[in-house]
Amino acid sequence: MIVPNSKFVNENIVNWSHVEELTRFSVDVGVAYGSDVKLVEKLLLKSVEQNSAVALHPTPFVRFEDFGESSLDFRLFFWVKDTIQAENVKSDLRFAIDELFRTNAIQIPFPQRDVHIKTKD
């Protein structure tokens, strides 16, 4: 991985892997307000259990990140050994999450805006 010098000077750099073979990654997903958050956590963890490229140790985990503007925001953390394939693994996880959510009636929302048009009387 190439990191520009300006990143070291201007930003905080966190090395999640240090000297380990495994590297930590994450996938973010938002779900509709009113969703069963414990079910969301269970399904996110199921998605990594089904993926052979994801290491089971350290144990993957889910963080309920925030109450977003349009969604309840979650982050799924997991480790992979083959860092070069990480983007493919993340894509595979997103496909699995989408399928699990559809099967379990968990909706991924999209931002919505109300537009009010005022006219002069």
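Taking +1 at the Cβ of each Lys and Arg and -1 at the Cβ of each Asp and Glu, which of N88, I117, F101 sits farthest along the dipole of the chain towards its positive end, judged by Cα position relative to the Cα centre? Comparing the listed Cα positions along the dipole, I117 ranks first. Calculated from the structure, percent of Cα pairs over 22 Å apart equals which of [x] 47; [y] 39; [z] 33? Correct label is [x]. Candidate cross-link partners of K46 among the lysines, defined by an alpha-carbon separation under 22 Å and a same-chain spacing of 8 or more, comprise K38, K81, K90.
Helix 37-49: angle to the longest alpha-carbon principal axis of the chain, degrees 0 to 90, nearest 10? Approximately 40 degrees, to the nearest 10.
Computed from Cα positions, the angle between helix 86-103 and the longest principal axis of the chain comes to roughly 40 degrees. Working note: 222 nm ellipticity from helices only, DSSP H runs with n ≥ 4, each -39,500 (n - 2.57), summed and divided by the residues of the chain, gives -9500 deg cm²/dmol to the nearest 500.
Please give the residues of region 69-83, grouped as numeric ranges, whose backbone N is less than 17 Å from a label point set 7 Å along the Cα-to-Cβ vector of Q112. Residues passing the 17 Å test: 69-72.
Each value in this text was obtained by applying a stated rule to the coordinates, not by laboratory testing. All figures in this text were calculated on a predicted structure; none of them were measured in a lab. When we count neighbours, we look across all protein chains shown, and the Cβ atoms used for this are built from the backbone with ideal geometry, even at glycine.
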